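Note sheet for the following structure.
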Amino acid sequence: MAATILDGIKIRDEIQSELLQQIAELKRVGVTPGLAAVLVGENPASQIYVRSKVKTCEALGLYSEKMERPKESTTEELLQLVNDLNHNDAIDGILIQLPLPPQVDTKRVLTAVDPAKDVDGFHPMNVGNLVAGRTGFVPCTPAGILEILKRSKIPLKGTRAVVVGRSDIVGKPVAMLLLHEHATVTICHSRTRDLPAVAREADILVAAIGKAAFVTADFIKPGATVIDVGINRLTTEEEVHKIFHDPAGPLATLEKRGAVLVGDVQPEDARAIAGAFTPVPGGVGPLTIVMLMANTIKAAQLRRGIKSSG
Ligand code: NDP
């Protein structure tokens with residue numbers, strides 16, 4: 001039987017309509033949650049991400065400010081900007097779009113963000129809160145993955161979960177969230193021995209690697225839930241042929257759009273073997289921005305001692 005597709009767009013829409021209610025409640029008491037997005041330099045992917053974050057704020061009726069700074073910006077200049085935003089009462093959430101240029105001390109800049117406005121959940125205080133299971137901000141992509149699993153009623157308690165990837169942004173926090181849900185969690189990385197065998201133990205397999213279609217049939221236990229976090233662009237016919245067993249559809253997409261998006265999981269294998277999986281595009285991706293909105297609303301509520309109805 002073909003795997004169930006976990007539709008990230010549908011789940012995103014569901015969450016968005018819940019957020020709209022919370023925003024309306026906040027507006028009734030005179031509060032409009034505000035997000036500042038800091039974009040340094042001209043990285044095209046970062047520009048696209050920031051644009052869609054600002055657009056989503058506008059669509060939901062949140063206040064947003066896009067702070068663009070030149071690629072020559074120094075650590076000191078960015079620390080000053082963060083300090084100003086920390087003290088700006090119209091701003092509830094501060095988002096520093098990564099990567100920052102190489103001359104900037106990224107850790108110092110992220111640590112300068114007021115933890116109460118740290119809607120990306122990158123500040124060490126929020127990392128600590130996550131580990132300790134205390135109220136704080138959870139990074140958006142891992143939070144979105146949990147929403148997909150819970151809203152799709154995928155059982156987590158007592159399951160074996162394997163996370164491939166140990167980044168601070170995805171791998172580690174998603175592993176921690178799964179642990180809090182009482183899964184037995186293994187975190188894998190580039191030095192893991194016999195990765196396919198470890199991955200095949202998983203009832204829940206999360207791939208956050210950054211390598212197109214790296215997870216193939218031999219990684220997937222039949223019936224497992226596979227969460228594909230990767231976003232990779234294929235731009236040549238050769239790449240498409242190398243990855244897809246049946247390349248006709250992707251080749252047509254390549255011709256039409258100039259690129260094919262593929263995750264870290266081979267999608268045909270996931271469809272054939274998994275019990276459920278998140279497609280790319282349309283799986284985890286749509287959740288990331290809506291969870292940023294959710295964190296911004298939560299920041300606005302927490303800063304003012306307003307209890308969430310959501
Ligand atoms: P990073 O590059 O920070 O981390 C990648 C991880 O994968 C590392 O821990 C690395 O191991 C591991 N890895 C690399 N090669 C192998 C290998 N051959 N075998 C086993 N493990 C390996 O990436 P991110 O976590 O930031 O992102 C992962 C993917 O998710 C990317 O494709 C990114 O674009 C995507 N992404 C998608 C988002 C969304 O909204 N959908 C949001 C954020 C990311 P080691 O630590 O040993 O080097």
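The values are calculated or read from the model by the stated rules, or taken from the named source; none is laboratory data. Because the structure is a prediction, the values reported are computed rather than measured. Neighbour counts are summed over all protein chains in view; Cβ atoms, including those assigned to glycine, are modelled from backbone coordinates with ideal geometry. Just so you know, the surface numbers come from the protein's heavy atoms only, side chains and all, with ligands and any DNA or RNA stripped out. Shrake-Rupley method; radii C 1.70, N 1.55, O 1.52, S 1.80 Å.
Would you say Ile9 is touching a helix residue (DSSP H, G or I) at 6+ places or on another chain (Cβ under 6 Å) and in contact (Cβ under 8 Å) with a residue 40 or more places away in the chain? Spelling it out, Ile9 is indeed touching a helix residue (DSSP H, G or I) at 6+ places or on another chain (Cβ under 6 Å) and in contact (Cβ under 8 Å) with a residue 40 or more places away in the chain. On the given criteria, is Arg193 open to solvent by 30 Å² or more (accessible area, probe 1.4 Å) and within 16 Å of the ligand (Cβ to nearest atom)? Yes, satisfied.
Residues being buried (at least 16 other Cβ atoms within 10 Å of the Cβ) and more than 16 Å from the ligand (Cβ to nearest atom) are entirely absent from the range 227-238.
The condition (being outside the structural domain of Ile148 (by TED's automatic domain parsing) and either of a type in the set (Phe, Trp, Tyr) or over 18 Å from Cys140 (Cβ atoms) (or both)) is satisfied by just one residue among Val50, Val54, Val40: Val40. Every test in (1) within 24 Å of Gly283 (Cβ to Cβ); (2) crowded, with 18+ Cβ neighbours inside 10 Å; (3) of a type in the set (Ser, Thr, Tyr) is passed by Ser73 save one, and that test is (1). Before we move on, is Phe244 among the aromatic types (Phe, Trp, Tyr), within 14 Å of the ligand (Cβ to nearest atom), over 25 Å from Arg12 (Cβ atoms) and buried (at least 19 other Cβ atoms within 10 Å of the Cβ)? It is false that Phe244 is among the aromatic types (Phe, Trp, Tyr), within 14 Å of the ligand (Cβ to nearest atom), over 25 Å from Arg12 (Cβ atoms) and buried (at least 19 other Cβ atoms within 10 Å of the Cβ). A single entry from Val198, Val185, Val127 fulfils the requirement of being under 30 Å from His245 (Cα atoms), outside any loop (DSSP other than H, G, I, E, B) and among the β-branched types (Val, Ile, Thr): Val198. Here's a check for you: in the range 267-283, which residue that is under 20 Å from the mean Cα position of the chain (by Cα) and within 16 Å of the ligand (Cβ to nearest atom) is nearest to Ile154 (Cα to Cα)? Among those that are under 20 Å from the mean Cα position of the chain (by Cα) and within 16 Å of the ligand (Cβ to nearest atom), it is Phe277.
Among the residues of the range 196-223, which ones are within 9 Å of the ligand (Cβ to nearest atom) and hydrophobic (A, V, I, L, M, F, W, C)? Within the range 196-223, Ala207, Ala208, Ile209, Ala212, Phe214 meet the criteria. Every listed requirement among (1) open to solvent by less than 70 Å² (accessible area, probe 1.4 Å); (2) within 16 Å of the ligand (Cβ to nearest atom); (3) assigned to a loop (DSSP other than H, G, I, E, B) is met by Val174 save one, (3). Kindly indicate whether any position in the range 248-255 is closer than 29 Å to Arg200 by Cα and surrounded by 16 or more Cβ atoms within 10 Å (Cβ to Cβ). Yes. Tally the residues that are outside any loop (DSSP other than H, G, I, E, B), within 26 Å of His123 (Cβ to Cβ) and open to solvent by less than 50 Å² (accessible area, probe 1.4 Å), restricting the search to the range 150-171. Matching residues across the range 150-171 total 4.
Of the set (1) modelled with pLDDT of 95 or more; (2) surrounded by fewer than 22 Cβ atoms within 10 Å (Cβ to Cβ); (3) touching a helix residue (DSSP H, G or I) at 6+ places or on another chain (Cβ under 8 Å), all apply to Pro139 but (2).
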